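K.L.:
Sharing a structure with you now.
The values are calculated or read from the model by the stated rules, or taken from the named source; none is laboratory data. Since the model is a prediction, treat every value here as computed from it, not as a measurement. Note that each Cβ is placed from the backbone with ideal geometry, even for glycine, and that neighbours are counted across all protein chains shown.
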Amino acid sequence: MIAGPLPLWALVSSALVSSALAARPTDNTGLYAFDESDVVETLDGPAGLVRVHYSVKGPNVVRDGDDDPELGGDGLPDFAQEVAATAEAVLLVYEETGLRLPLSEAEMGLPELGGSDALDFYLVDFDFTGDGQFGVDSCQGGVCSGYMVMENDFSGYGYSSISTAIRTLTSHELFHGVQYAYLDDLPGWMAEGTAMWSELHFDPDSDDFVAWCDRYLEEPDRGLDRTPSGAFTGWEYGTGLFFGFLDLTLGSQAIVALMEALAEQGGDGALDALDLAIVGSGSSIEEVWTTFGTWNLATGDRAGLVEGYPFADELAEVQPLAEGDSLVDDQRVYPLATAYLYLEHGGGELWFGTPDDPTGLALRLHASTGGQDDPVEAELGTWWPDAPGALSLGELPAGDYWILLSQPGFGDSSIAIDYCLGDLDTLDACVEDGGTDTGGDSGDPEDEGGGCGCASGAIGAAGAWSLLLPLWTLRRRRR
């Protein structure tokens, strides 16, 4: 994990927006620009893909030093040379993966704005208001071309090393240039989430990627595309965990397929494009999302027994929304979200029941090897209830269990249910007439909500559980 404060590049918005031909830092205007007193020079990357513009004298002077033998000791600043070499390495990884590269001025019918057709990097002082962004020159036909602006020395920033800072900024911000080569209206959560993925793709040991994933794990019950309103929270960056998961389970070609689908669907069709990419990779959103929920459970101290992230033990643990030796509660589950419940089961048959329509929900069960902070075991079963009623999760030994409630689909609305989770006594506490009935009349359904006669529905289960589905009536929770 990164020591000290998280990198400040997150404070600079790099949202995808259309723009007319914009001024560049060498025009001495704008928030991040050279000063008229700067003496600006350039150097080209080894492959000629990148040109770096830097100041050798003035308020934006580049980090000094020319003592790295690997960079030649040729009188040129090592920092600028490392930026050029790393940026080109990133671009070559993108190209080898099958991604489009950022569009050049020539491809957009523009003059050589930086003196060549190479992708231009400008190294200026961000003064702790950020540390890098992809700037847009012009957008035409739904795509854009642009340039990179980056901190000139990273002095006082929270990165573990200058090389780490350069690798993080080049891989993240250049991917925004890749996105612009496909479309110019990508939603922020997907723009930042896939840019975070690119950090992991370029550097599988990226501490920055891991650090931002914890922001997602703080709110796994928030829908993937439901960005918090108001001040910056880091949520959009945290969604990179999902795109990293796609790469680890379906391969990086799933991300390439996503970008190609986005070029056809546009930003308004981001979820449709995601569905196309997942199905085209041989999976389904149902399979992907329920497995994603398990991987997110098996993190931190809970990692080790379940297949999951190679960096799982570095991640934070999700927290339960409800816990106890029995649960009588309610829950609202959003599309592409997971609610985690924790149960201290006394042994015997475990039941889940609801008087509400649970269609669209998935329920997955995991055993803990000890308490909340101990490793979890592989899932004991996954169920897809499609009618109000009671569902047996099987005869289970006494112990602690995690129940994952998710809506693994691209629905338009949340699913709200009252539920009971525990043994038969727990169900009795929910039943208006004080007991369950395995057959015949379920009793008086009257309650303050108008009554609910809850018959069991057909429920599929993954696992060898014997299901006993009684007719019963849940008393709705008084609020």
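K.L.:
State the number of residues belonging to the range 312-347 that are under 22 Å from Arg215 (Cα atoms) and either among the hydrophobic types (A, V, I, L, M, F, W, C) or in a loop (DSSP other than H, G, I, E, B) (or both).
P.N.:
Adding up the residues that qualify gives 15.
K.L.:
Quickly run through the range 377-408 and pick out the residues that are over 20 Å from Leu427 (Cα atoms) and assigned to a strand (DSSP E or B). Steps first, answer last, please.
P.N.:
So the first thing to find is which residues in the range 377-408 are over 20 Å from Leu427 (Cα atoms), and the list is 377-382, 406-408.
The answer is Gly381, Thr382, Ser406, Gln407.
K.L.:
When you check Phe126 against the structure, is it at pLDDT 95 or above and buried (at least 17 other Cβ atoms within 10 Å of the Cβ), yes or no? It would help to see each step written out before you state the result.
P.N.:
On the way: at pLDDT 95 or above: no; buried (at least 17 other Cβ atoms within 10 Å of the Cβ): yes.
When the stated conditions are applied, Phe126 does not pass them.
K.L.:
So which residues in the range 207-221 are under 10 Å from the mean Cα position of the chain (by Cα) and free of Cβ contacts under 8 Å to residues at least 24 places away in the same chain?
P.N.:
If the condition is that a residue be under 10 Å from the mean Cα position of the chain (by Cα) and free of Cβ contacts under 8 Å to residues at least 24 places away in the same chain, then Arg215 is the only one that fits.
K.L.:
Report, by residue number, each residue of the range 271-284 that is within 17 Å of Thr194 (Cβ to Cβ) and in a helix (DSSP H, G or I). First the steps, then the outcome.
P.N.:
Pass one, the range 271-284, residues within 17 Å of Thr194 (Cβ to Cβ): 271-278, 280-281.
Within the range 271-284, Leu271, Asp272, Ala273, Leu274, Asp275, Leu276, Ala277, Ile278, Gly280 qualify.
K.L.:
Would it be correct to say that Glu70 is assigned to a helix (DSSP H, G or I), at pLDDT below 95, out of contact with any Pro (no Cβ under 9 Å at 6 or more places or on another chain) and surrounded by fewer than 14 Cβ atoms within 10 Å (Cβ to Cβ)? Full working, then the answer.
P.N.:
On the way: assigned to a helix (DSSP H, G or I): yes; at pLDDT below 95: yes; out of contact with any Pro (no Cβ under 9 Å at 6 or more places or on another chain): yes; surrounded by fewer than 14 Cβ atoms within 10 Å (Cβ to Cβ): yes.
It is true that Glu70 is assigned to a helix (DSSP H, G or I), at pLDDT below 95, out of contact with any Pro (no Cβ under 9 Å at 6 or more places or on another chain) and surrounded by fewer than 14 Cβ atoms within 10 Å (Cβ to Cβ).
K.L.:
Going by the structure shown, is Leu217 within 25 Å of Glu96 (Cα to Cα) and not acidic (Asp, Glu)?
P.N.:
Numbers: within 25 Å of Glu96 (Cα to Cα): no; not acidic (Asp, Glu): yes.
In short, no.
K.L.:
With Gly304, Gly324 as the choices, which residue is over 20 Å from the mean Cα position of the chain (by Cα), surrounded by fewer than 16 Cβ atoms within 10 Å (Cβ to Cβ) and in contact (Cβ under 8 Å) with a residue 60 or more places away in the chain?
P.N.:
Residue meeting the stated conditions: Gly304.
K.L.:
Which residue out of Pro187, Pro204, Pro228 is of a type outside the set (Phe, Trp, Tyr), farther than 25 Å from Leu123 by Cα and surrounded by 17 or more Cβ atoms within 10 Å (Cβ to Cβ)? Please lay out each step first, then the result.
P.N.:
Values: Pro204 fails: surrounded by 17 or more Cβ atoms within 10 Å (Cβ to Cβ); Pro228 fails: surrounded by 17 or more Cβ atoms within 10 Å (Cβ to Cβ).
Checking each option against the conditions leaves just Pro187.
K.L.:
Could you list all residues from the range 237-270 that are assigned to a loop (DSSP other than H, G, I, E, B) and within 14 Å of Trp189 (Cα to Cα)?
P.N.:
Hit for the range 237-270 is Thr239, nothing else.
K.L.:
Now a separate question. Starting from the range 400-414, keep only residues that are in the same structural domain as Leu336 (by TED's automatic domain parsing), then list their pairs with residues that are small (Gly, Ala, Ser) and in a strand (DSSP E or B) whose Cβ atoms are within a distance under 6 Å, requiring at least 6 positions of separation or different chains.
P.N.:
Asp400/Ser368; Tyr401/Ala367; Leu405/Ala339; Ser406/Ala362; Pro408/Ala362
K.L.:
Would you confirm, using the coordinates I've provided, whether Val318 is buried (at least 17 other Cβ atoms within 10 Å of the Cβ), in contact with a Pro (Cβ under 8 Å, 6 or more places away or on another chain) and not aromatic (Phe, Trp, Tyr)?
P.N.:
Details: buried (at least 17 other Cβ atoms within 10 Å of the Cβ): yes; in contact with a Pro (Cβ under 8 Å, 6 or more places away or on another chain): yes; not aromatic (Phe, Trp, Tyr): yes.
Yes.
K.L.:
Could you please find all residues in the range 369-391 being among the hydroxyl-bearing types (Ser, Thr, Tyr) and surrounded by 21 or more Cβ atoms within 10 Å (Cβ to Cβ)? Please lay out each step first, then the result.
P.N.:
Applying the first criterion (among the hydroxyl-bearing types (Ser, Thr, Tyr)) to the range 369-391 yields 369, 382.
Correct list: Thr382 only.
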